[in-house]
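The values are calculated or read from the model by the stated rules, or taken from the named source; none is laboratory data. This one's a predicted model, so the numbers in the text were calculated from it and none came from an experiment. All Cβ positions, glycine included, derive from the backbone under ideal geometry; neighbour counts span all protein chains shown. Accessible surface is based on the protein model in full, side chains and every heavy atom, while ligands, DNA and RNA are left aside. Shrake-Rupley method; radii C 1.70, N 1.55, O 1.52, S 1.80 Å.
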Amino acid sequence: MQFQQLQYFVAVAEARHFTRAAELVHVAQPSLSQQIKSLERELGADLFLRARGNITLTDAGEALLPLARRILADADTARQEVQELAQLRSGRVRLGATPSLCTGLLPDVLRAFHDRYPGIRLLIEESGSHDLVRELARGALDLALVVLPLPTPSPALTTVELLREDLVVVSSPEAPAPGDGRTTVRVAELAGERLVMFRHGYDLRELTVAACRAEGFEPVFAVEGGEMDAVLGFVRAGLGAAVVPRMVATRSGRGLRVTPLARPGLHRTIALAHRSDVAPPRAARELQRMLLER
């Protein structure tokens, strides 16, 4: 099995078209087809169902695809590692983080990292913990900041707790204050509030809804489906209140009223994750150190 054959296989699997795949990998279509057939002979199974204008994966192809992607990602990581200069003057870091962490925690750390290593490219993937865990497992990320507990615990990942963060309620100063204007608000009092809610798959959505249900009520949504910036904008416009991390409220506090949650409050645990079977590249290890020492 040749590395190039796996590249061609993944290109066809993603393009679902031999000619378009050949264009993507800059090779003649007959040569690509010949390499795919050679790979199929070596594996002893067809990888694609070929019909006019419709290329689909067989069961064998479905089984091979995630493995091939991981092999290619590992090879790319190895190439980047070897090409880095001794003084970290070049290279890249592929970092995943939830949108709230991109807003609250990362800007200062990434600025410090960039000031120290201006030649390192920072590639940021913004998504929920579930998607980030999947991207880590397939080798598409070097590091990820995720919310614990993981949606699907994975022995293939190593996680290190980074911080425990309080959640607060934000609302428009023009709207009535949650909790009748007291300095704190209880989760139970959110039963009388219309909430601006994040999209499905968002860690904060799941945490907030679970806390409301634990108090015996279903939250009422004024609007739902946004990312962090959209949610904050809707709150500023007076559409409703939202539960967000304290760091986000502090950094984005202009035009927002911030009300802490009464004890015991709501919290979330942030962890730094990477694959257990492959050491992060050198530049990623340096960013990891700076995050842990922040």
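Can you give the accessible area per residue of the chain, in Å², using a 1.4 Å probe? Display every interim value, and only then the final one.
Details: 14710 Å² over 294 residues.
Ligands and nucleic acids excluded, the result is 50 Å² per residue.
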What FRET efficiency would be calculated for the residue pair L292, A15, taking the C-beta separation as r and a Förster radius of 30 Å, to the nearest 0.05?
0.15
Given the protein chains as shown and a 1.4 Å probe, how many square angstrom of H130 are accessible, to the nearest 10?
90
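Find, among the chymotrypsin sites (Phe, Trp or Tyr not before Pro) in the stretch 165-256, those assigned to loop by DSSP (not H, G, I, E, B) with at most 16 other beta-carbon atoms within 10 angstrom.
Details: sites: F198, Y202, F217, F221, F234; in loops: Y202, F217.
Those satisfying the criteria are F217.
Determine the equivalent ellipsoid of the stretch 116-266 by diagonalising the alpha-carbon gyration tensor, then write out the semi-axes as square roots of 5 times the eigenvalues, largest first, rounded to whole Å. Each step should come with its number before you reach the end.
On the way: eigenvalues 181, 65, 40 Å².
After diagonalising the Cα gyration tensor, the semi-axes are 30, 18, 14 Å.
For the chain, which whole-number percentage of the solvent-accessible area (1.4 Å probe, protein heavy atoms only) is attributable to carbon and sulfur atoms?
Working: 7410 of 14710 Å².
C and S fraction of accessible area: 50 percent.
Which residues make up the longest stretch of the chain that has no GluC sites (Glu not before Pro) in a DSSP loop with at most 14 other Cβ atoms within 10 Å?
Numbers: sites that count: E174, E215, E293.
Result for the longest clean stretch: 1-173.
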Which three lengths, in whole Å and largest first, does the chain cover when its Cα atoms are put on their principal axes?
72, 50, 33
If I model a spin label as a point 7 Å beyond the Cα along the Cα-Cβ vector, how far apart are those points for L150 and A214 in nm?
2.3
Once the Cβ-Cβ distance between R186 and F221 is put in as r, and R0 is 22 Å, what FRET efficiency do you end up with, to the nearest 0.05?
0.70
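What FRET efficiency do you get for Q29 and Q4 if R0 is 25 Å and r is their Cβ-Cβ distance, rounded to the nearest 0.05?
Values: r = 15 Å, r/R0 = 0.60.
After rounding to 0.05, the efficiency reads 0.95.
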